[in-house]
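The values are calculated or read from the model by the stated rules, or taken from the named source; none is laboratory data. Here the structure is a predicted model, which means the values were calculated and not measured. Here Cβ is always computed from backbone atoms with ideal geometry, including for glycine, and neighbour counts include all displayed protein chains. Just so you know, the surface numbers come from the protein's heavy atoms only, side chains and all, with ligands and any DNA or RNA stripped out. Shrake-Rupley method; radii C 1.70, N 1.55, O 1.52, S 1.80 Å.
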Amino acid sequence: MKTGQIYTHYLMIHNKNMNGIDNIKMPIDLKQIGIDFFIVVLTIKRSYFKEPFFLDSLLKHYNISLKSNDESEGNKLVRSLDYTDTKHEITLVPVETFLAYFESGMSCNKVIFIFHIARCGSTLITQMLNESPSFYTISEPPIINKILDPKSGLSNNISSRLLKASVNSINLTAPAGSLATVIKFRSWISLFLKSIIEIFPETPWLFVHRNGCEVLSSVIQSPPGWLRSKDAYSAFFAKHICLSENDFLSCSANEFITRLLGQFCKIAKENQSEKSYFVNYTSLQQDLFAYLDSINGLKISSEEKSLMCLSVQIYSKDVERKELFRSDSAAKIISLDKKQLFFAEKFTEVERKKLINNTFSKT
């Protein structure tokens, strides 16, 4: 890996190599060496990322994956990347150098953020948007996860500055034909929603939500990182669901899940503005198209909308785009016992039901 002295020229986004191929410098990770922090930059050809998650794209095209053989990764909210086997150029850029180049408000596309409650159709939305060349979607970029990791070791000031620089940097990697860069976050990043939109006050954002009972069932069946790391991050999660750390540690998994899901919804509602729009899983296509039609300077053709509707028939998380979608909403609710249904109604649904859109202006 390269570490260097002056990266301003090296990090130029619109650069051409000797063969005339348009390359990009994509930030993918944050790495600490001793007391110093570096941004891990991947040199790749400019393109759209069509896979369900950016991690899928990194694995499929660049042989970069999450570390899987290290036991210490099991209870981390944000797992480390393994890029030892990639044949593409990896560069370590000092944080201050990265900030100096990307922190300023460099513009390219309009940026749209997607926050969500988890297991609610947010990935389906990015896959629908992938049917249009107007949208450049980056789903759950690992660099953002690393920066916002409560155990990153970064100060709040550096974390905020790096978040801004990383979004700017990602936006500048967009293909020339795109008009909007869509960044979908992981669900737990909804806890930082207020801070993020304060850093990007002009950026429109969506919050995708679904019946809390259905989400609870899905989370129990396939635990996300924030559930696996519950105890390791007890102080962080306890603060956000308004429990003492002792009470939190004795809190059941069902209560923790539903309290946290409710908190995601509560934060979204508290920060509702003309820049926000709520997308309900039960009316996902209708809500999404209503939002897209509201965006100034963006005209989605009827053909593109038809392709988006067709994409709904494919299971959104299938990398190969072959598995048909099968609705399991009813089965999810039936799988829960009375206590689980009680928790979902008490802690999640009471907040989610408040997510009603106000009239929004053109964004």
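Some observations on this one:
- Residue satisfying all of: in the range 330-363; loosely packed, with under 15 Cβ neighbours inside 10 Å and of a type in the set (Ser, Thr, Tyr); farthest from GLN263 (Cα to Cα) among these: SER361
- Cβ-Cβ under 9 Å pairs, at least 6 apart or on other chains, the range 214-228 side within 17 Å of ILE241 (Cα to Cα), far side among the β-branched types (Val, Ile, Thr) and open to solvent by 20 Å² or more (accessible area, probe 1.4 Å): LEU227/ILE220
- Sole exception among (1) buried (at least 18 other Cβ atoms within 10 Å of the Cβ); (2) within 17 Å of the chain's Cα centre (by Cα); (3) of a type outside the set (Val, Ile, Thr); (4) at pLDDT below 95 for LEU66, by number: (1)
- Wholly enclosed helices (runs of 4 or more DSSP H) of the range 260-345 bearing at least 1 residues modelled with pLDDT under 95: 284-293, 302-311
- Subset of the range 37-48 [open to solvent by 10 Å² or more (accessible area, probe 1.4 Å) and either within 14 Å of ILE147 (Cα to Cα) or not charged (D, E, K, R) (or both)]: PHE37, PHE38, THR43, SER47, TYR48
- Beta carbons closer than 8 Å, at least 6 apart along the sequence or on distinct chains, pair a first residue in the range 235-257 that is within 24 Å of LEU336 (Cα to Cα) with a second that is of a type in the set (S, T, N, Q) and open to solvent by 30 Å² or more (accessible area, probe 1.4 Å) for ILE241/GLN263.
Yes/no per residue for (1) touching a residue at least 40 places away in the same chain (Cβ under 8 Å); (2) in contact with a helix residue (DSSP H, G or I) (Cβ under 6 Å, 6 or more places away or on another chain):
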site: ARG79; (1), (2): yes, yes
site: ASP82; (1), (2): no, no
site: THR91; (1), (2): yes, no
site: ILE138; (1), (2): yes, yes
site: PRO142; (1), (2): yes, no
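Results for (1) closer than 16 Å to VAL40 by Cα; (2) not small (Gly, Ala, Ser), shown as yes or no for each residue.
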| position | (1), (2) |
| --- | --- |
| ILE90 | yes, yes |
| SER104 | no, no |
| ILE114 | no, yes |
| GLN127 | no, yes |
| TYR136 | no, yes |
| ILE147 | yes, yes |
| GLY153 | no, no |
| ASN156 | no, yes |
| SER166 | yes, no |
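Conditions tested, residue by residue: (1) outside any strand (DSSP E or B); (2) closer than 26 Å to GLN286 by Cβ; (3) open to solvent by 20 Å² or more (accessible area, probe 1.4 Å).
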{"position": "VAL208", "(1), (2), (3)": "no, yes, no"}
{"position": "VAL215", "(1), (2), (3)": "yes, yes, no"}
{"position": "SER218", "(1), (2), (3)": "yes, yes, no"}
{"position": "LEU227", "(1), (2), (3)": "yes, no, yes"}
{"position": "ALA232", "(1), (2), (3)": "yes, no, yes"}
{"position": "PHE236", "(1), (2), (3)": "yes, no, yes"}
{"position": "LYS239", "(1), (2), (3)": "yes, no, yes"}
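- Being touching a Lys or Arg at 6+ places or on another chain (Cβ under 8 Å), open to solvent by less than 30 Å² (accessible area, probe 1.4 Å) and part of a loop (DSSP other than H, G, I, E, B) holds for only one residue in SER169, SER152, SER178, and it is SER152.
- Residue within the range 247-265 that is in contact with a strand residue (DSSP E or B) (Cβ under 7 Å, 6 or more places away or on another chain), under 17 Å from LYS346 (Cα atoms) and open to solvent by less than 10 Å² (accessible area, probe 1.4 Å) present: yes
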